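Scroll down for the structure; my scribbles are underneath it.
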């Protein structure tokens, strides 16, 4: 091979190499499968995985307590019968939760350190019969508050100073009940009971279904 031919072959190889390099660097779309230089930061970014924030679950609303179902007449009769045998004077065993029954339940609850609601229920019957349960956690019913107010008003009219007519058996009301019981030769308890209500009705003639307007 002559010198001229060798020079032409060398120039051809240089041209081919230059064309390949130009094509790889400037004419290819996307990232070269084998790049000439490595980028550490680029590699780290490529390895990152995209995470999406998971929304927090809202706490479920507290379950609402269903209103208590009305107690059956048979349950009321059973309560009246059981309280009667225990000398709480709930009135006649007729299945009607009147004021005497309410007062007897209040006295029983007071004596056994239960919430004094005066309300006939399956829970109070279970406690009377089995000695367990009885705590419903319910607020004092309006009927019981009205009954306490009526007792307070009558005691105030009779000069016993029961304190404010507020439907709460506080210290002044307890002392007024004790004074009334003492003068009427009743067992001094300082609590509302069927016996107390019966004696108030007998002495004053007031029905005690609600506070009087006078």
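The values are calculated or read from the model by the stated rules, or taken from the named source; none is laboratory data. Please read all numbers here as calculations on a predicted model, not as lab measurements. Here the Cβ is made from the backbone with ideal geometry for all residues, glycine too, and neighbour counts use every protein chain on show.
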Any chance segment 116-123 includes a residue that's in a helix (DSSP H, G or I), assigned by TED's automatic domain parsing to the domain that holds residue 98 and either touching a residue at least 40 places away in the same chain (Cβ under 8 Å) or surrounded by fewer than 13 Cβ atoms within 10 Å (Cβ to Cβ) (or both)? yes
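Looking at residue 129, is it in contact with a helix residue (DSSP H, G or I) (Cβ under 8 Å, 6 or more places away or on another chain) and exposed (fewer than 14 other Cβ atoms within 10 Å of the Cβ)?
Numbers: in contact with a helix residue (DSSP H, G or I) (Cβ under 8 Å, 6 or more places away or on another chain): yes; exposed (fewer than 14 other Cβ atoms within 10 Å of the Cβ): yes.
Yes: the conditions hold for residue 129.
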Those residues of segment 159-188 that are assigned to a loop (DSSP other than H, G, I, E, B) and surrounded by 16 or more Cβ atoms within 10 Å (Cβ to Cβ) come to a total of 7
